[in-house]
1. Name the residue that is farthest from the chain's Cα centre (by Cα), counting only residues in region 25-35 that are more than 12 Å from PRO83 (Cα to Cα) and in a helix (DSSP H, G or I).
2. List every residue pair whose Cβ atoms sit under 7 Å apart, with the two residues 6 or more apart in sequence or on different chains, where the first one lies in region 17-41 and is charged (D, E, K, R) and the second, anywhere, is in a helix (DSSP H, G or I) and surrounded by 15 or more Cβ atoms within 10 Å (Cβ to Cβ).
3. What are the residues in region 42-65 that are surrounded by 12 or more Cβ atoms within 10 Å (Cβ to Cβ) and outside any helix (DSSP H, G or I), if any?
4. Go through region 5-32 and give me each residue that's in contact with a helix residue (DSSP H, G or I) (Cβ under 8 Å, 6 or more places away or on another chain), small (Gly, Ala, Ser) and at negative phi.
5. Can you pull out the residues in region 66-79 that are in contact with a helix residue (DSSP H, G or I) (Cβ under 8 Å, 6 or more places away or on another chain) and either surrounded by 13 or more Cβ atoms within 10 Å (Cβ to Cβ) or within 13 Å of LEU56 (Cβ to Cβ) (or both)?
Amino acid sequence: MRITDEEDSEVRQQLVAAVENQLQDGEPPFVQAVLNKLVLVGIERAEAVEMMAYVLATEIRQSFAQERGFDAGNYEHMLRALPELPADDA
């Protein structure tokens, strides 16, 4: 099954919305801390949130590939490594 550009765009939008929800809810708290850090080093907010959404997608893909639950510790680790994007080893 091939993913269309439209489906890919929709998934990206959903991931960005998920990060925005985390920021709005203040949960987990490290999400806001990472956004603050990225903006402080000069990354535009929208780009920072996109990067964070990529990290969220990476953790989700890895959890499926490794047949495990979502690992909040790994998610935090990858977020805190930004602006260096994680390798997607799924």
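1. ASP25
2. Matching pairs, first to second residue: GLU20/VAL49.
3. Within region 42-65, just ILE43 meets the criteria.
4. Listed by number, the list holds a single entry, ALA18.
5. PHE70, ASP71, ASN74, TYR75, GLU76, MET78, LEU79
Since every read-out is calculated from the coordinates, none of them should be taken as a lab result. These numbers come from a predicted model, not from an experiment. Quick reminder, even Gly has a Cβ in these numbers, built from the backbone with ideal geometry, and neighbours come from all protein chains shown.
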